[in-house]
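The structure appears right after this line, and notes come after that.
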Amino acid sequence: MNSFVTSHSDHLPQARLERRGPSQGPMRSSSEASSRLRLRLIGQMTADVAAGPVQLPRVRKTRALLAILALAGGRPVLRERVAALLWSRREREQARASLRQCVHELQEFCTEHGLAPLRTGRQHLILDTESIWVDVFAIATATASQGDRLNLLQGEFLEDLIGLDSAFDLWIADEARRLRDSGAALAGMVLDRQTDPEAVIMAARQLVALAPGNEAGWQRLIQAYAASGARAAAFDAYDRCAQALIHSSGRSPSPETLALCEALAVGETPTALQRGDGAPEPASLNVIERPPARRSSGVWLSVNRFRCSDPQDEAGFGLELAEDIAAALARFRWLNLIAPGGGLEAIPVDRPRAMEADFLLDGAIQRRSTGVGGIELRITIRLLDMRAGGEMVWSRRFDGDASDRGTLQDSIVAQTAAQVDPELLLHEGRRVQNVPIATASATDLMLRAIPAIFRLVEPEYTEAGRHLARAAELAPDNAAILGWQACWNLFLVGQSLASDAPCTMQEAGRLAERAVALDPSCARALSVAAHVRSFLLHKNISETIDLHERALALNPNLPFAWAVTCLSLAYAGEHDQAVARGEQARLLSPFDPHSFFFDGALMVPRMMRHEYDEVVALGRRSMALNPAMIGTMKGLLSALGLMGRLDEAAELRARLLARAPGLTVANAMARSALRRPQDRALYAEGLRLAGLPDPEACNPG
């Protein structure tokens, strides 16, 4: 069995992912064969031509750049995207300088081996892949008669480049998942052609190794073992099938698979399963593309292939865009995703598959002439509540140059994922208000609490805490619930609502760490844990920032993660980086219902850069959306004091003290997570000038 297969399985349904790449079919002539570079990315990265092996670039990150550009299939790749993957912990200019060095080395490699020069621009890089054969694309484009290409799956994807950068490791994991999907699709087609039991056993074992959740493959394997007289092996296959289905999709074997086992138990040879049209169930069907009969609780979102006004030109783009959005949304761990199908047509909203989901995300792509010879793409995306007959929950329109589809696609994917998540949280939070508490599930209780967490108004805030506590009792190992519990305790301290602040701080830390331990891939839980460490517990700031970087690598489309990273960098005195992170939160989701928190985070580094006008603008905007945020009020008060706008400061000070009676400069500074003495001094001076009580200044002895 090939060694590419790993023990990891996603808990979310995945559809077959098709990748557009250079033609990987048979080479037409000996001259073409001799000029082609064969690039192997499975196992250790190698290259060769007809004459023999080729020495790859010496620097590992240059080899990583070659892999990234090769898998783009001739499409432009953003320089910023590459820099973020390979130098995620460096400042922007340092990363770009390192990228330029790698580009230079890759140009020399292309020249040396007769490849088309790397096309470089200020924003993009393009590798002409017409003369490059890539093993990954060879598998993705294989037909049922080319099953021998599965032999290419020897080793882990780019196994010698793992560890270059945490962001690149996640990219490798995503590409490896795509490769497994392509391999599984090919293995399924190969299996469908087999009739001899021994050949079926070999092909089915290959399929279920690549796709443990493919129940049709397991069924064929059980039948073939039974037909060949290996009944013990058939029972063992059933047991492994049951374990694989639980691990991959949280469901038990279907009644059809149970029937196979029951037939074995009474000494019968199971017959081939039939579909409703009398044909055998094809193993090449990705059976977990559909929601399982006993699907897990929570919110199910189906992403549809985008409709196209010109299907011949844009159909591939419609599927590719939908797949990328589904993959981005899958990083929000509270959602259950049904990925887009691989058919040529989008599924109508009233079709059964769409109705199996709670929500449907679909879109339309239109081509429009700009009047000057250019073509513009207009992409309209909408989120529909299928339980309410297709009620529209959210929509967004994107316009972009058709010649720069790569940049447009990256922007659409990031913003759609970032904006759909909070819209779904709020929509579901409103819906479950009508669910009786006595019958509410753990997920219902969590969703009911989330809107109140961000409103920060009593008595709803205390009630939200009770809902989360009850949810944690019902589902003690649910990382999402524990993460929101930690967030609730965090704001409880920040809003001066905690009766025992030190105890509440420790509880927030415990819950956050527990959530991370349960699901280390949950970016939101990691972000909360890191924020608790830096804001409440004042832990080592460099370790805290490392946690933030991991969260961003896990889900770069989570605005909350960018906002709390902004705060931690500001606490550490890295104010330029902090501003860039805070601005990214707003860029991803400019109309986010929680954008008051993003503005509040940005106030900190901008104040330390003496940008007081901007601090005031941010503070006013944040308070207009949520006037209850005490941290925002303190930051705005300090800025007004430093600017000498004492009348405005007096009005705000009265509002602040009404919410936090007894607040003084001393206890405000005791709560502050700022690390640098000069930053702390500036913040404290602004509060004093604004008239916040300062008993220590009055009684220095």
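Before moving on, here are some points about what is shown:
- Full-stretch length increase - A388, R645 - with 0.36 nm per residue and alpha-carbon distance subtracted: 87.4 nm
- Distance histogram in 10 Å bins (all Cα pairs of segment 523-622, percent per bin): 19, 52, 28, 2
- Residue-count net charge about R455 - beta-carbon cut-off 15 Å; Lys, Arg +1, Asp, Glu -1: -1
- Centroid-to-centroid separation of segment 159-182 and segment 88-105 [C-alpha atoms, Å]: 20
- Summing Cβ point charges (Lys, Arg +1; Asp, Glu -1) relative to the Cα centre of the chain gives a dipole of roughly 880 debye.
- Charge dipole of the chain about the Cα centre (unit charges at C-beta), most positive-ward option of G121, A580, W300: A580
- Its Cα centre serving as origin, segment 579-670 has a Cβ charge dipole (Lys and Arg +1, Asp and Glu -1) of approximately 180 debye.
- Remark on I338: its backbone amide H falls under 5 Å from those of L301, S302, V303, a criterion applied only to residues 5 or more positions apart or on other chains, H modelled at 1.01 Å from N.
- R0 of 45 Å, Cβ-Cβ distance S131-D239: FRET efficiency to nearest 0.05: 0.40
- Rounded FRET efficiency, nearest 0.05, which uses the C-beta distance separating S411 from R609 and R0 of 22 Å: 0.20
- At q = 0.14, 0.22, 0.24, 0.30 Å⁻¹, base-10 log of I(q)/I(0) for segment 487-531 (Debye sum, equal scatterers on each alpha carbon): -0.31, -0.66, -0.75, -0.99
- Signed unit charges on C-beta, dipole axis of the chain, positive-most listed residue I375, L179, L319: I375
- For segment 435-551: rounded, prolate or oblate by the Cα gyration tensor [a/c cutoff 1.5]: oblate
- Cα→Cβ-extended label distance, 7 Å offset, between T111 and M202, nm: 4.9
- Stokes-Einstein diffusion of the chain at 25 °C, 0.890 mPa s viscosity, Kirkwood radius from Cα pairs, rounded to a whole number: 88 µm²/s.
- Spacing of the two label points (7 Å from each Cα toward its C-beta) at V435 and R96, in nm: 4.8
- Summing Cβ point charges (Lys, Arg +1; Asp, Glu -1) relative to the Cα centre of segment 30-184 gives a dipole of roughly 480 debye.
- Take the Cβ atoms of R675 and E583, set R0 to 22 Å, and the FRET efficiency comes out at 0.50.
- Gyration tensor over the Cα atoms of segment 557-701: the corresponding equivalent ellipsoid has semi-axes (square roots of 5 times the eigenvalues, largest first) of 25, 17, 13 Å.
- Ellipticity estimate at 222 nm from DSSP helix runs (n ≥ 4, -39,500 (n - 2.57)) divided over the chain, nearest 500: -17500 deg cm²/dmol
- For segment 30-184, the Kirkwood estimate of hydrodynamic radius, built from reciprocal distances between every pair of different alpha carbons, is 16.1 Å.
- Site pair E376 and R510 shows an inter-label distance of 5.8 nm when each label is modelled 7 Å from Cα along Cα→Cβ.
- Counted as membrane-span-like here are DSSP H helices of the chain whose alpha-carbon atoms extend 24 Å or more along the helix's own axis and whose Kyte-Doolittle mean is 1.6 or above; there are none.
- Residue-count net charge about H575 - beta-carbon cut-off 9 Å; Lys, Arg +1, Asp, Glu -1: -1
- Positive-end residue, the chain charge dipole about Cα centroid, Cβ charges, pick of L554, G509, F491: F491
- Under 5 Å from the amide H of V54 lie the amide H atoms of A47, D48, V49, each residue being 5 or more positions distant or on a separate chain, with H modelled from the backbone and absent for Pro and chain starts.
No value in this document is a laboratory result; all are computed from the given coordinates. Just so it is clear, the model here is predicted, and its values are computed rather than measured. Every residue, glycine among them, receives a Cβ derived from its backbone with ideal geometry; neighbour counts consider all protein chains shown.
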